[in-house]
Structures are given as C-alpha cells and as structure tokens.
Amino acid sequence: MSELKTWPMRYGPIVQRKIYANLFVDIIRQNKCVLCAACVAVCPTNAIVVLNETPRLTGVCIKCGYCYYACPSTTDESFKGFSEELERVEERIFGMKRREVFGVYRKIFVVEAFDDKLATPEESVIRRIMMFGLERNYFDVVGFPGYGEPVTKYMLMPPRGRWEAAASIATKPSELESVRLKPLTPGLTYNSVRGALEELVGGFFHGVDPIRVAVFGPPQHIRSVWRMRFSWAEHRKLSKTIVFAASYFDRPFYSYKDLRSVLAGIGVNIDVVEDWFFHDDGIEFITGGKSIKVSYEDLEGAVYKGFKTIYDPTGEFADISVGRVPGVEGVVIIARSEEGVKLVEEAIEKGVLKAVEFELDVVLDGLRGLYGGG
Ligand code: SF4
Ligand code: SF4
C-alpha cells in the first residue's frame, strides 16, 4: 500500500487522505480490483469511469478520498482489511462472530429449485426471494449486475455487447421475471445503487426521500457495502441506502475481453453467441442453433484477475447467500442476518419457496467442503 504523508500542525497532525491516485497504485495496477464500481458510484464529481474493465480517472478529482475508502480491497490506518479485522467486522454487521469457516450463520434452509430455463437452480431461488422482497415491501429496489429488458439500466458506460453485464435496477417484481441475475462478466454492481438514487429520488446528493435498495452481486462485491459504511470516509448516502445484500456461492466471473479471446481460440465467436447456460461442469454456449459446452478448466484463462484476490466462496458478508452444496438435494440458503432469516421464513410460509427436509450436519460438512474441508 502506498505511504501517506502527515504534516505536523499546532493543533495536531494533518493526515493526507488517500485518493484515486492511491487506488490506482494500490489496487487497480496490482490487479486487485473486483470491478464492483463502488469507487465509480461514490465519486462526487463522476470522475471515475470504467474503461476496458479498468476504473480510470477521466474527470476532475477533488481529492475527497471516497473512492479509496469504499473499495473492498483497500486497507488503511483504521481498517486493516476484512480478514485481519474479521471479528470486529462481523460483530458490526451481524451482531455475532462466526463459528464456522463459511462465516456467520443464523439459520440454514434448503429449498426446491424452480424449473426456470433462464436460470441456474440458485439463481431461480434468488430471483423469487428478490421478487418476494419487493412485493412484501422489504425494499423498494433491487440493484444487480445483470442482463435483459425491461429492467431500467443505469450505466456510465453502456455494455459493448450482450455478454457484458450491466448495472440494472428493478422496482417491480415482474421486472425480475426474465432477467439474468447471475453475471457472467463483472457488471459494476454499485452503479445500480447510484442509478437507483439518481433515477428514483431525483439526484445523488440532493435526494431527500430515502429509498431502500437490496443489492445482489458476487461475494467480492458485497464487501463494498461494509467498506463504504465502516470506513474512515463513511459514505452514508450510498451505503445506508442499501438495506439488504444477497449473494451466491462461488462461481467465477469472466473478463469480457479475455472471454472473447478464449472462446475465439476454440472457434466460438462471442458476437454471434445466442445464449448461454451455467452447468456444474462448464458453460454451454448456443451459437447458430448449436450447443457448445466449454469446461470451467478451459475458461480458467478468462477469469477476471481481481476475482481471485478475494477468497470468499459463500458470500460471507451478505444477509443471505444462495447456492448448491455437493451431496445435498435442493438449493441451500445461508441466512446470516435477522432480516435474512425473516425474509426467507416468510417466503416459505407464503408458499413462495418450498422447504425440503435436510440433515444439518450434511449441509454443514458440504459448506465446509467448499472451503477445502476447512
Ligand atoms: S473526487 Fe474523490 S471519489 Fe472522485 S476520484 Fe477524486 S478522490 Fe476519488
Ligand atoms: S474493487 Fe471496486 S472500488 Fe475497488 S477499484 Fe475496483 S471497482 Fe473500484
């Protein structure tokens, strides 16, 4: 991490705050960026834009420091990082410390997946939970890196092709019905939250009516919510807008440009791919009416570099994390917060989700297994 200067003054030292230049040196240039777009979203002058999968300074920087202290990968004098300060962070978020390698949990559920051609089993469940949350007024907006109309999209930069996930928001349950929630490419999650503020309350800094956003994104992105909220440069407006966070169990996201070249190497032109489906052993791409399955090993070279710098197989800082566990029938939901338990329990009670019988020890073992048996 870059060094900070201090200036001795009569009333105490002035400490230089870290700004975009430090973010560039400490994180972006080190390939530690996870493309969550928290830095883009918090910048008061809209000075940061993601170009070619890199957050770049393209406007006037007023040296406020918000970007640096919103980034999930940075550390500073008051925050030594999510792993070093694990107990303190978990106590603040969930009011309890972990007893398991996969993090805090209040309750585990196993539910049936839905027959949904567009979605993986876990995606089909998370979709229903988010739709139910909107319907029951748990939150007003769902923000996510996803694909598909008619969801309103808020983008500082539009996606270059239909394979690049876009920061999106949904305000009605019906808007989530046909979108893909699980990103193949990183998707700038926090642009959606800023977009929700811009579009729904008439401005980022001047909106007065609070809105409640539920954010759904990769495990690495969920950490930004807490970094924004707990950092020295606490970004109240953006972080307090987020009232619920949901994530999924480990699956890498891919660099759009690397995915393009890896697929080209096996004769698949990303521009003419019509559809894709995640499977346990790889991704199926549909092109020219034909199906081509590419294994996760073959796609390894396209995994977004920053993805691997934060090890978080189950979305440890989300209210709920949803995914599958080897040897367990159905979809596992880890509810980490009280709000998460309440939402899932109500969804089961109202028949939105169908709970299935399970042996807790088997699920716990399976979850530990996601961490290499940890
Ligand atoms: S104005 Fe603030 S948030 Fe924007 S780039 Fe500069 S330091 Fe970062
Ligand atoms: S990880 Fe997120 S906040 Fe940090 S530099 Fe990348 S996009 Fe910005």
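The values are calculated or read from the model by the stated rules, or taken from the named source; none is laboratory data. Since the structure is predicted, the reported quantities are computational estimates derived from the model, not experimental observations. All Cβ positions, even for glycine, are placed from backbone atoms using ideal geometry, and neighbour counts span all protein chains on display.
Output the residues belonging to the range 214-231 that are within 16 Å of ALA167 (Cα to Cα) and either outside the structural domain of GLY340 (by TED's automatic domain parsing) or without any contact (Cβ under 8 Å) to a residue 60 or more places away in the chain (or both).
Scanning the range 214-231 gives no hits.
Hey, can you tell me all the residues within the range 164-201 that are small (Gly, Ala, Ser) and within 16 Å of ligand 2 (Cβ to nearest atom)?
Within the range 164-201, ALA165, ALA166, ALA167, GLY187, SER192, GLY195 meet the criteria.
Return the total of residues in the range 267-287 being among the aliphatic types (A, V, I, L, M) and part of a loop (DSSP other than H, G, I, E, B). Explain how you work it out, then say what you get.
Residues of the range 267-287 among the aliphatic types (A, V, I, L, M): 268, 270, 272-273, 283, 286.
Keeping just the survivors that are part of a loop (DSSP other than H, G, I, E, B) gives 268.
Residues in the range 267-287 being among the aliphatic types (A, V, I, L, M) and part of a loop (DSSP other than H, G, I, E, B): 1 in total.
What are the residues in the range 72-87 that are farther than 18 Å from LYS18 by Cβ and surrounded by 14 or more Cβ atoms within 10 Å (Cβ to Cβ), if any?
LEU86 - this is the single residue of the range 72-87 that is farther than 18 Å from LYS18 by Cβ and surrounded by 14 or more Cβ atoms within 10 Å (Cβ to Cβ).
Restricting the search to the range 17-60, which residues are away from ligand 1 (no atom under 13 Å from the Cβ) and among the hydroxyl-bearing types (Ser, Thr, Tyr)?
THR54
Identify the residue in the range 111-149 that is part of a loop (DSSP other than H, G, I, E, B) and among the charged types (D, E, K, R) and, among all such residues, is nearest to LEU200 (Cα to Cα). Steps first, please.
Kept after step one, since they are part of a loop (DSSP other than H, G, I, E, B), are these residues of the range 111-149: 112-120, 136-140, 148-149.
In the following step, the residues that additionally are among the charged types (D, E, K, R) were identified as 112, 115-117, 136, 140, 149.
Details: GLU112: 34, ASP115: 33, ASP116: 30, LYS117: 31, ARG136: 19, ASP140: 10, GLU149: 18 Å.
Ranking the candidates gives ASP140 first.
Which of the following residues is touching a helix residue (DSSP H, G or I) at 6+ places or on another chain (Cβ under 9 Å), β-branched (Val, Ile, Thr) and free of Cβ contacts under 8 Å to residues at least 40 places away in the same chain: VAL294, VAL332, VAL322, VAL303?
Answer to the check: VAL294.
Among residues belonging to the range 19-35 that are of a type in the set (D, E, K, R) and within 17 Å of SER255 (Cα to Cα), point out the one that is nearest to ligand 2 (Cβ to nearest atom).
LYS32
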